[in-house]
Amino acid sequence: MLICPISDVLIHVDEYWTLSLINLPFLEGMRIAISDVHPPLHYIILYAVSPITSNNIHLLKAVSIIPYFILLVISVTKIRKDYGWLACGLFTFTTATMSVFFIEFLTIRMYPWALLFMVLVFIYFKEVIDNFDRHSWILLTLFTLLGAYTHYFLLFSCGLIYLLILAHILKSPDNREKIKTWIYSVVALIILYAPWFVVLIRQIGTQTSASHESTTFNNVLNYLTVFAINKGGFSIEMILLRVLAIAFVAVIIYMIYKNREKYEGSGVFLMYATIFIGVLVLSISFQPVRARYLVGVMAVFWLCVSILLSKTKNDKVLAVMLAAILILSASSVLITHEEAITKINWANERNEFLDSINNESNVVVYNTNFGYMFIHGGVNKTTEYSLSDTYFFDDNVKIQKDLDKIIKKHPKDNIYLVNWKDTDKNKKYDKNYNLTEKYDSGDVVVLKIDK
């Protein structure tokens, strides 16, 4: 992952937001983060390493690989010590090859860190159940807090873990003191998260008032097998892989039930319960659950699978399950490769278009804040304007809110209008000007103004 030659090309759409934000002074960046839909910890991490990375894309992507290196250390220490080399090896292998893990570990976003904190929460969930000591409770509380400050989706998963602990306590004969400890941890989390809670409420209000996508049958079907296969469609290959993945889960659930493996069972429950809650909550308030939201609980699932298979005494069952893992991993790697090729082709198409307009006789006008980063780096020879004076734009972009004035100032130049998707502020320009579409990335549309 560290030396991946295509990592500079694989730019996720949301990475442009991240790159724009961390180019701002810290206090201004944090002010902007409040208007985002994510907590601030990931941005704080990037600000902390910015003296080293200097906003170099490859180095910033390397920062997202740090959580995987930490997982490797955890695997060869904690997991190997508790469950042996097979569990250690399977976990590190599956979290590198399955589903969207590889891409997420190369993306300048918060999801690899969310994955790390979720795995640590789950590890110390067991320590709390087994030992119920102060050390385990402190670490469980700490990693839960870090997860909540990394991605909101972890609130669902960590909340379920605390409910599982409470259910375990209520079954204990000496539960009065244990309930007190549980309450202390919950209260500590509430107090420590309170400074951001007001921001969370504001962000929820912003998102629920905006239009959002609906959850489709294909989305729901994908959630069932997203732990291994993350691709839509109903081709024969995808159907067979989904059937294999579902059969794999069925065998894992049977093994858990047969051997009364409560810890491993809680991991499988955690993944599907989180998905279920996410579908209910996000489908109503925001948008369909994205696979990247689930990387934390998917890693927990694979940890539980790795532990369970390391305990099995039946060599035939183990061989079949390992073969299934190899098939699912190989298929996921091929899907990842296809996605990489698609993104490379997309990047080449964009760069070819930008090269064609990157000269002094052209003017680029941004009718978008977010989409600015898609275009800006490839049009350094043009004159650039923005129709708004928000935080994103650097000194090379002139602020001019009146498009007519820009047109009059450049009577002989070609003028290109950059829009973001299909937003309301595009309509007045579509109505008042003759526009010819020249490029469409799926998110950003570049239109030539015909004078």
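The numbers here are math on the coordinates, done by the rules we state, and not lab data. Quantities reported herein were computed from a predicted structural model and do not represent experimental measurements. Backbone-built Cβ (ideal geometry, glycine too); neighbour counts: all protein chains shown.
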* Structure fact -> Unit-weight point scatterers at every alpha-carbon of region 106-158, Debye formula, q = 0.18, 0.25, 0.27 1/Å: log10 I(q)/I(0) is -0.53, -0.87, -0.96
* State, in angstrom, two size descriptors of the chain derived from its alpha carbons: Rg to one decimal place and Dmax to the nearest whole number. => 24.5, 85
* DSSP-defined antiparallel bridges as percent of all bridges, the chain, nearest 5 -> 50
* Asked: When the Karplus curve 6.51 cos²θ - 1.76 cosθ + 1.60 is applied with θ = phi - 60°, which whole-Hz ³J(HN,Hα) does each residue of region 240-247 get, with x for Gly and Pro?
  -> 5, 5, 5, 4, 4, 5, 5, 4
* Structure fact -> Interchain or sequence-distant (5+) residues whose placed amide H lies within less than 5 Å of the amide H of Ile415 are Val363, Ile449
* Once the dipole of the chain is set up with Lys and Arg at +1 and Asp and Glu at -1 on Cβ about the Cα centre, which of Val289, Val220, Val121 lies farthest towards its positive end? -> Val121
* In degrees from 0 to 90, rounded to the nearest 10, what is the angle of the helix 13-22 Cα long axis to the longest principal axis of the chain? -> 80
* Phi-based couplings in Hz for region 299-315 (Karplus 6.51, -1.76, 1.60; Gly and Pro marked x) -> 5, 4, 4, 5, 4, 5, 4, 4, 5, 4, 5, 5, 8, 5, 9, 8, 5
* Structure fact -> Under Stokes-Einstein, region 357-442 at 20 °C and 1.002 mPa s, with its Kirkwood radius over C-alpha pairs, diffuses with a coefficient in µm²/s of 162
* Average projection area in nm² (convex hull over Cα atoms of region 1-153, one quarter of hull surface) -> 10.0
* Using only the C-alpha atoms of region 69-130, find the volume of their convex hull and express it per residue in Å³. => 78
* Can you list residues whose amide H is under 5 Å from Ser386's amide H, if they're 5+ apart or on another chain and H is modeled 1.01 Å from N? -> Tyr366, Lys398, Ile399, Gln400
* **Volume in Å³ per residue [convex hull over Cα atoms, computed for region 70-225]** => 160
* Quantify how much of the Cα-Cα distance distribution of region 245-328 extends past 14 Å, in percent. => 66
* To do: Would you please state the base-10 log of I(q)/I(0) at q = 0.21, 0.30 1/Å for region 303-350, with intensities from the Debye formula using one equal scatterer on every alpha carbon?
  => -0.74, -1.02
* To do: Give the peptides 307-316, 419-428, 17-26, 62-71 in descending order of average Cβ contacts within 10 Å, highest first.
  => 62-71, 17-26, 307-316, 419-428
* For a quick protection proxy, order the peptides 187-196, 112-121, 171-180 by their average other-Cβ count within 10 Å, most packed first. => 112-121, 187-196, 171-180
* Asked: Mind listing the phi-derived Karplus ³J(HN,Hα) values for region 96-112, rounded to whole Hz, using 6.51, -1.76 and 1.60 with θ = phi - 60°, and x for any glycine or proline?
  -> 9, 10, 7, 6, 9, 4, 4, 5, 5, 6, 10, 10, 7, 9, 8, 5, x
* Remind me, relative contact order of the chain in percent, using alpha carbon pairs under 8 angstrom and six or more residues apart? -> 16
* Structure fact -> As a Kirkwood estimate from alpha-carbon pairs, region 24-99 has a hydrodynamic radius in angstrom of 14.7
* **Packing-based ranking, highest mean first, of 40-48, 150-158 given that Cβ atoms within 10 Å are counted** => 150-158, 40-48
* Asked: Say the cut-off is 20 Å between C-alpha atoms; which of Lys78/Lys258; Lys401/Lys428; Lys398/Lys427; Lys401/Lys425; Lys61/Lys231 go over it?
  -> Lys78/Lys258; Lys398/Lys427; Lys61/Lys231
* Structure fact -> Rounded to the angstrom and largest first, Cα extents along the principal axes for region 302-389 equal 72, 27, 15
